[in-house]
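One structure is given here, and the rest of the page talks about it.
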Ligand code: LMR
């Protein structure tokens, strides 16, 4: 007994996850006006999770389908799902798909896609030196652990400029230029997490130029397709442009946010190769890796998305649902901006609130101000000042704006 208790004495106690600990703290807080701006999960104007009407419809179709069983899916996933998912991100008319150059594998949502992509690179990429991945500073905190878990060391590249609360484009491009040739760069396809700051189309062009020049590899993470602009195609434009330019790349795709399927863990990894032969080899190895880790991906969420993406009517309905979510978030941005600039006359420039895009806004407030908001006003947000716009609604936005105003004035 005593011996087995000692077995784990050497294991250090890990801190709780910086994002999900906020959800737990929020849930256990009895304060009536508490606000959760932590995790990036959509809420409706009543602060309730929103089951997309199109998802309800597709679920009903599945429930009533007498041909469905609970057998294993193929190791690389449900083919109707992976092929539709590839078209969604790369474009239905993508020459890469027509030429059979895309290896698509169903994954455990975006995190699983990042993991499988990182694991695949760790094993098979032509590393010229130490295994390294360049991550934007800042990035989604989980990227660090995902790459370290597979023996790839993260290095940061400049991305966010606190002075402008915008993109440090020169720093970013400088880093692309100075990194050793054939480096791996992780890029957020749209709605950058945590900053909400995306490059413009013109800037993406320069980024692609330098990546091609330096023969770098683009590791795209696309967790918010549709959430940035409300338009699935527009939010995929950087990825499609890179494919068109012939940049070697992979894309990690999640359906958590744009379909509200958080718990179903439905996602995909797409590796775009130079030839069909290369893609077949890549897929064979992805299949081996997948088998050793999860054997076969889960069927339920993939079936829902396969139905939605392959049925023209359901697909149109999904697009409308996405517009509803993106529209509400854009509206919250406008209202928050108006409250801060016109009503409260909060010191500083708040234009970034409406210029940033997607689920998150990087407010530019300090860790101390974030802490004060949490401790004194029961408003939960990450210490870096990121807020999930989806946590704001017509009932709590004034409370949030007033407390943000006080925090900025040092009066909280
Ligand atoms: C977030 O950044 O809040 C989301 O992507 C949820 C997560 O898994 O961290």
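The values are calculated or read from the model by the stated rules, or taken from the named source; none is laboratory data. Because the structure is a prediction, the values reported are computed rather than measured. Virtual Cβ from ideal backbone geometry, glycine too; neighbours counted across all protein chains shown.
One table, with the values for the structure above:
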quantity	calculated
Residue list for segment 215-226, filter: away from the ligand (no atom under 16 Å from the Cβ) and either outside any loop (DSSP other than H, G, I, E, B) or on the phi > 0 side of the Ramachandran plot (or both)	215, 217, 218, 219
Filter result for residue 53 (within 16 Å of the ligand (Cβ to nearest atom) and surrounded by 11 or more Cβ atoms within 10 Å (Cβ to Cβ))	no
Identity of the residue in segment 138-153, more than 16 Å from the ligand (Cβ to nearest atom) and crowded, with 16+ Cβ neighbours inside 10 Å, that ends up nearest to residue 197 (Cα to Cα)	152
Residues of segment 17-37 satisfying the condition of being part of a helix (DSSP H, G or I), farther than 22 Å from residue 401 by Cα and within 13 Å of the ligand (Cβ to nearest atom)	20, 21
Which listed residue is over 17 Å from the mean Cα position of the chain (by Cα), away from the ligand (no atom under 16 Å from the Cβ) and at pLDDT 95 or above, from 211, 165	211
Index of the failed condition, residue 411 passing every other in (1) outside any helix (DSSP H, G or I); (2) crowded, with 18+ Cβ neighbours inside 10 Å	(2)
Any hit, segment 269-280, residues being within 16 Å of the ligand (Cβ to nearest atom) and not in a helix (DSSP H, G or I)	no
The lone exception for residue 85 - which of (1) part of a loop (DSSP other than H, G, I, E, B); (2) touching a strand residue (DSSP E or B) at 6+ places or on another chain (Cβ under 8 Å); (3) closer than 27 Å to residue 281 by Cα it fails	(1)
Matching residues, segment 177-207, being surrounded by 21 or more Cβ atoms within 10 Å (Cβ to Cβ) and outside any loop (DSSP other than H, G, I, E, B)	184, 185, 186, 187, 188, 207
Boolean, residue 326 is part of a helix (DSSP H, G or I), out of contact with any helix residue (DSSP H, G or I) (no Cβ under 7 Å at 6 or more places or on another chain) and in contact (Cβ under 8 Å) with a residue 40 or more places away in the chain	yes
Tally, over segment 227-258, of residues that are within 16 Å of the ligand (Cβ to nearest atom) and in a helix (DSSP H, G or I)	1
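Conditions tested, residue by residue: (1) modelled with pLDDT of 95 or more; (2) surrounded by 17 or more Cβ atoms within 10 Å (Cβ to Cβ); (3) assigned to a helix (DSSP H, G or I); (4) more than 16 Å from the ligand (Cβ to nearest atom).
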{"residue": "15", "(1), (2), (3), (4)": "no, no, no, no"}
{"residue": "39", "(1), (2), (3), (4)": "no, yes, no, no"}
{"residue": "61", "(1), (2), (3), (4)": "yes, no, yes, yes"}
{"residue": "76", "(1), (2), (3), (4)": "yes, yes, no, yes"}
